[in-house]
Amino acid sequence: MSRWTHRHILDLAAFSREDYAAVLELAHRFRSMPVTGARKLPALQGRLVATLFFEPSTRTRSSFELAARRLSADVSSFSPGSSSLSKGESLLDTARTYVAMGADVLVVRHQCTSVPQQLAEALEASGERTVVLNGGDGLHSHPSQGLLDLYTLAHHFDPLHPLPEALRGKRILIVGDILHSRVARSNLWALTACGADVVLCGPPSLLPSAFAGFVDAPPPGQSVDPVPDRGSVTVSHRLDEALPGADAVMTLRLQKERMSQHLLTDLDRYHRDYGLNHARLERCGKPVPVLHPGPVNRGVEMTGALLDDTGRHSGRCLVEEQVRHGIPIRMALLYLMAAAESSADAALASVG
Ligand code: NCD
């Protein structure tokens, strides 16, 4: 396995296939370990992980905090409402306050694109060792969600070897508000890197056809694509035509705030055209899993019956699996960042 080279984790566009393999392999080990209560792993003992969430979150924040605690780190949480931000303190000064208190890792979520990157650059410029992990920035990127979705799919296709190869040649359909989704963008980098062919599907106002070229070139500021042979990306506006042949379907939260921007006219129509239900999934031609990053609008992106179809062995809906996998994936990320000075091989060897 190659050396882990990412000091900060800001965007999956910079990940090689070996990077995905390192995260998935480590997460799989963490997943199988009993790490609750007194059996926490000592890996991050004495380290401080601060979660700076300037935007609401249920799953991401709590699973980062649980992941940090399971590795024995100390955790400090920042909430904008009860902080000095409301007294006018700048975002960078807020971040520096946590650095001054000894934070080794800042997990940052912000409604504006590039805030985690700007913080990382500012910390680098002043010679700080603190690393930044993007917990979701604007419409841009949500790396830990992309990785936990990747792990959930790899585990579904090959439970004993949930590695990037499990995705090769799979057709993954992503449905919904692609335009405003940082989750879709991170999934596009992750899935195509592992050789999956991605079909994007949504109404034209929420899915511009230019998305077909999304992974054709690295994003601004990155000169090379570390993955030479990505899977394909295609765009469809008709769900019933896109379903046949899909190996998995991921649907995204319909952001109701878009209605006020006149990008959608009515939710019933959206559900009729793009909502998932058991009967519609029959079009895939075989039983396929359904994913959703949450939070779900029950009865909009999918029916309540499909959302509740979560049986451990035969259930179609993997939403709870995704939530469960969020913890080992975030443990893997925190662990690799803390061990960034050594090689990923050494990191894996020390987990046993
Ligand atoms: C998503 C997010 O915040 O980007 N949720 C999540 O992190 N699980 C998706 C969303 O808000 O729709």
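Please specify each residue of the stretch 114-145 satisfying the condition of being β-branched (Val, Ile, Thr) and within 16 Å of the ligand (Cβ to nearest atom).
VAL115
Which residues, taken from the stretch 15-63, are surrounded by fewer than 23 Cβ atoms within 10 Å (Cβ to Cβ), within 16 Å of the ligand (Cβ to nearest atom) and outside any helix (DSSP H, G or I)? Once the filter is applied, which keeps residues that are surrounded by fewer than 23 Cβ atoms within 10 Å (Cβ to Cβ), within 16 Å of the ligand (Cβ to nearest atom) and outside any helix (DSSP H, G or I), the stretch 15-63 yields PHE53, PHE54, GLU55, PRO56, SER57, THR58. Number of residues in the stretch 154-182 that are touching a strand residue (DSSP E or B) at 6+ places or on another chain (Cβ under 6 Å) and either within 16 Å of the ligand (Cβ to nearest atom) or open to solvent by less than 10 Å² (accessible area, probe 1.4 Å) (or both) equals 7.
Tell me, please, whether a residue that is under 22 Å from the mean Cα position of the chain (by Cα) and under 24 Å from GLN322 (Cβ atoms) can be found in the stretch 217-224. So far as the stretch 217-224 goes, no, none of its residues is under 22 Å from the mean Cα position of the chain (by Cα) and under 24 Å from GLN322 (Cβ atoms). Considering (1) under 19 Å from ALA332 (Cβ atoms); (2) assigned by TED's automatic domain parsing to the domain that holds ALA338; (3) at pLDDT 95 or above, the lone condition that ARG70 does not fulfil carries the number (3). Would you please name the residue that is most open to solvent (accessible area, probe 1.4 Å), looking only at residues in the stretch 122-146 that are in contact with a His (Cβ under 9 Å, 6 or more places away or on another chain) and assigned to a helix (DSSP H, G or I)? Out of the qualifying residues, it is GLU124. Restricting to the stretch 275-298, name every residue that is within 16 Å of the ligand (Cβ to nearest atom), in contact (Cβ under 8 Å) with a residue 24 or more places away in the chain and either more than 18 Å from ALA242 (Cβ to Cβ) or open to solvent by 30 Å² or more (accessible area, probe 1.4 Å) (or both). Hits for the stretch 275-298 are PRO293, GLY294, PRO295, VAL296, ASN297.
Yes/no per residue for (1) assigned to a loop (DSSP other than H, G, I, E, B); (2) at pLDDT below 95:
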| site | (1), (2) |
| --- | --- |
| VAL198 | no, no |
| ALA212 | no, no |
| ALA217 | yes, yes |
| PRO220 | yes, yes |
| VAL227 | yes, no |
| ARG230 | yes, no |
| THR234 | no, no |
| LEU264 | yes, yes |
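Looking only at the stretch 108-121, how many residues end up being open to solvent by 60 Å² or more (accessible area, probe 1.4 Å) and out of contact with any Leu (no Cβ under 7 Å at 6 or more places or on another chain)? Explain how you work it out, then say what you get.
Initially, the stretch 108-121 is screened for residues open to solvent by 60 Å² or more (accessible area, probe 1.4 Å), giving 111-113, 117-118, 121.
Those still in the list that are out of contact with any Leu (no Cβ under 7 Å at 6 or more places or on another chain) too: 111-112, 118, 121.
Residues that pass the stated criteria total 4.
Can you find, within the stretch 183-198, the residue that is surrounded by the fewest Cβ atoms within 10 Å (Cβ to Cβ) among those that are of a type in the set (S, T, N, Q) and either within 16 Å of the ligand (Cβ to nearest atom) or not assigned by TED's automatic domain parsing to the domain that holds THR234 (or both)? Break it down stepwise before answering.
Restricting attention to the stretch 183-198, the residues satisfying the condition of being of a type in the set (S, T, N, Q) are 186-187, 192.
Restricting the remaining residues to those that are either within 16 Å of the ligand (Cβ to nearest atom) or not assigned by TED's automatic domain parsing to the domain that holds THR234 (or both) gives 186-187.
Working: SER186: 27, ASN187: 29.
The selected residue is SER186.
Of all residues in the stretch 236-254, at least one satisfies being within 21 Å of ALA166 (Cα to Cα), more than 23 Å from the chain's Cα centre (by Cα) and open to solvent by 50 Å² or more (accessible area, probe 1.4 Å). When LEU66, LEU150 are screened for being open to solvent by 10 Å² or more (accessible area, probe 1.4 Å) and over 21 Å from ARG7 (Cβ atoms), only LEU66 passes.
Quick one: in the stretch 171-196, which of the residues that are within 17 Å of the chain's Cα centre (by Cα), assigned to a loop (DSSP other than H, G, I, E, B) and not charged (D, E, K, R) is farthest from ARG272 (Cα to Cα)? Step through it out loud before you land on a result.
Initially, the stretch 171-196 is screened for residues within 17 Å of the chain's Cα centre (by Cα), giving 172-194, 196.
Retained after the next criterion (residues that are assigned to a loop (DSSP other than H, G, I, E, B)): 176-181, 194, 196.
Retained after the next criterion (residues that are not charged (D, E, K, R)): 176, 178-181, 194, 196.
On the way: GLY176: 12, ILE178: 18, LEU179: 20, HIS180: 21, SER181: 21, CYS194: 32, ALA196: 28 Å.
If we take residues in the stretch 171-196 being within 17 Å of the chain's Cα centre (by Cα), assigned to a loop (DSSP other than H, G, I, E, B) and not charged (D, E, K, R), then CYS194 is farthest from ARG272 (Cα to Cα).
The values are calculated or read from the model by the stated rules, or taken from the named source; none is laboratory data. Small disclaimer: the values here were computed from a predicted structure and weren't measured. In this analysis, Cβ positions are derived from the backbone assuming ideal geometry, glycine residues included, and neighbour counts consider all displayed protein chains. Ligands, DNA and RNA are excluded from the accessible area calculation, which covers all protein heavy atoms including side chains. Shrake-Rupley method; radii C 1.70, N 1.55, O 1.52, S 1.80 Å.
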